[in-house]
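What follows is one structure encoded as structure tokens, with my remarks underneath.
Readers should treat all values here as calculations from the given coordinates under stated rules, not as data from a laboratory. Computed from a prediction, not measured in an experiment: that's the story for all the values here. Don't worry about glycine lacking a Cβ; one is built from the backbone with ideal geometry, like all the others, and counts go over all protein chains shown.
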Amino acid sequence: MELEEILKDEPAFRIEQVEKAIFQDLITNWDKASNLPKALKEKLNKELPLEIKADVLVSQKGISIKIALLLKDGLKAEAVLMRHKAGRNTVCVSSQVGCAMGCIFCLTGKGGLRRSLTAWEIIQQVLFFERILKTEGPERSRRITNIVFMGMGEPLLNYDSVLLAINILNNKNCFGISVRKISISTVGIPWAIKKLAKEKIRPASNAFGPPALRAGVANAGWPNLAVSLHTANQTLRAKIMPIAKNHNLDELSRAIDFYIKETGQRVIFEYLMLKGINDSEKDAFDLAQFVKQFKAPANFRAGKNFHFVNLITYNDFKSQDILVFKPSFKEKVLMFKEILSESGIDAVQRYKFGEDIKGACGQLAYEK
């Protein structure tokens, strides 16, 4: 990161001072960092200004806020804050501008991939919302509690930046968000899933220091992994998700099985229900069979069902640039839940956030 280069000749203690100023004091200008020398503040203001520019949309109910983060090159990346009744504040972050995966039901992928985001650009999305919440009060409930990499882009194709961002999010001197409250959603990149299985997140002693200082091991673990499956039929999956043409369900299954055995964690499956496409009774039984093939490892922590599916209601884009799909009827969703439940699988219908501001699943594609 740029900050690491700026601080390379500074005393080691400057790193924690800078982290505190950015992530705890939530300053928006380096002049407000009272513990930094004037010369360094001037340098930071010039080379790494803390102003974050973004367009902001607030949902009618006020429980969702969407931003379009303005990047240095003029591109924009969208992110969404979702306020839950239980007091959780979840940020859905983007890892890329656009997406190369081309899933035919997703507006984000319609425009293709522009570029990947840096770790700092990912962090800025979260920081922007932290600043908003700060104005509502100092309580911990006014802070970000959960992160989901489910915005624009395929996180596992921006692997290094996403992992560095997770390190900063998890760092106790920065956001202090447990790795267990961070989720990565992927269309299913087998090689990257296997790579992630081998890379246990080890919270750093600081976020911006040289690698030698990043040796903390407290609360080590893996982020939650969610696989966007959307059908357990290979032929259909290849039609609606181009990734399946290069990496079929058998290859994806082997990667998931490897991940489970290496990490001892369950994998969450996401299923977007499309009327007349993937919502038949057979589709439900195929899904149950696919999910149940994965066995809980001996070290899987008790208290949770190992098999879990998120059922997602399709969000109508009302756009001429994308094929016309419709959400499945309520009865179909209930039928899916019943079949999955009878198979020993927990199934939850995901609550819709931000549909009126195009902030729901698959809707993130910047429009002025």
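Annotation: aspartates and glutamates with alpha-carbon distance below 13 angstrom to LYS76 (same-chain offsets under eight excluded): ASP55, GLU121, GLU367.
For region 71-152, trypsin sites (Lys or Arg not before Pro) meeting the loop criterion (DSSP other than H, G, I, E, B) and having at most 12 other Cβ atoms within 10 Å: LYS72, LYS85. Here are some pairs, LYS295/LYS326; LYS46/LYS72; LYS20/LYS134; LYS20/LYS41; which of them have Cα atoms lying more than 26 Å apart in this structure? Where the Cα-Cα span goes over 26 Å, the pairs concerned are LYS295/LYS326. Under a Gaussian network description of the chain, with springs only between Cα atoms under 10 Å, the residue in GLU78, GLU270, GLU338 that fluctuates furthest is GLU338.
Amide hydrogen proximity for LEU272: with H placed 1.01 Å from N in the peptide plane, the residues at 5 or more positions away or on another chain lying under 5 Å are HIS230, ILE312.
Cross-link pairs exceeding 32 Å in C-alpha to C-alpha distance, out of LYS8/LYS53; LYS32/LYS198; LYS85/LYS275, comprise LYS32/LYS198.
Quick one: compute the contact order of region 39-164, relative version, from alpha carbon pairs under 8 angstrom and 6+ residues apart, as a percent. Value for region 39-164: 24 percent.
In a simple Cβ point-charge model (Lys, Arg +1; Asp, Glu -1; nothing else charged), region 1-51 has a dipole of about 220 debye relative to its Cα centre.
Helix-derived [θ] at 222 nm for the chain: sum -39500 (n - 2.57) over DSSP H runs of at least 4, divide by residue count, nearest 500? Result for the chain, helices only: -8500 deg cm²/dmol. Available extension along the chain between SER253 and LYS304 is 16.2 nm, counting 0.36 nm per residue and deducting the alpha carbon span. The label point for ALA86 and the one for PHE13, both projected 7 Å from the Cα toward the Cβ, are 4.2 nm apart. When the chain is treated as a GNM, springs tying every alpha-carbon pair under 10 Å, which of LEU44, LEU311, LEU169 comes out with the largest mean-square fluctuation? For the chain, modelled as a Gaussian network with Cα springs under 10 Å, the answer is LEU44. Among rounded, prolate and oblate, which fits the chain when a ≥ b ≥ c are the square roots of the eigenvalues of its C-alpha gyration tensor, a/c under 1.5 means rounded, and a/b larger than b/c means prolate? In terms of gyration-tensor shape, prolate. Peptides 245-255, 150-160, 5-15 ranked from most to least packed, by the mean per-residue count of other Cβ atoms within 10 Å: 150-160, 245-255, 5-15. Given R0 = 35 Å, the distance between the Cβ atoms of GLU5 and LYS194 translates into a calculated FRET efficiency of 0.65. If the elastic network links every pair of Cα atoms under 10 Å, which of LEU272, LEU40, LEU113 fluctuates the most in the Gaussian network model of the chain? The residue that fluctuates most here is LEU40. Do any of LYS110/LYS292; LYS195/LYS304; LYS181/LYS261 go past 27 Å between their Cα atoms, and which? In this structure, LYS110/LYS292 lie more than 27 Å apart at Cα.
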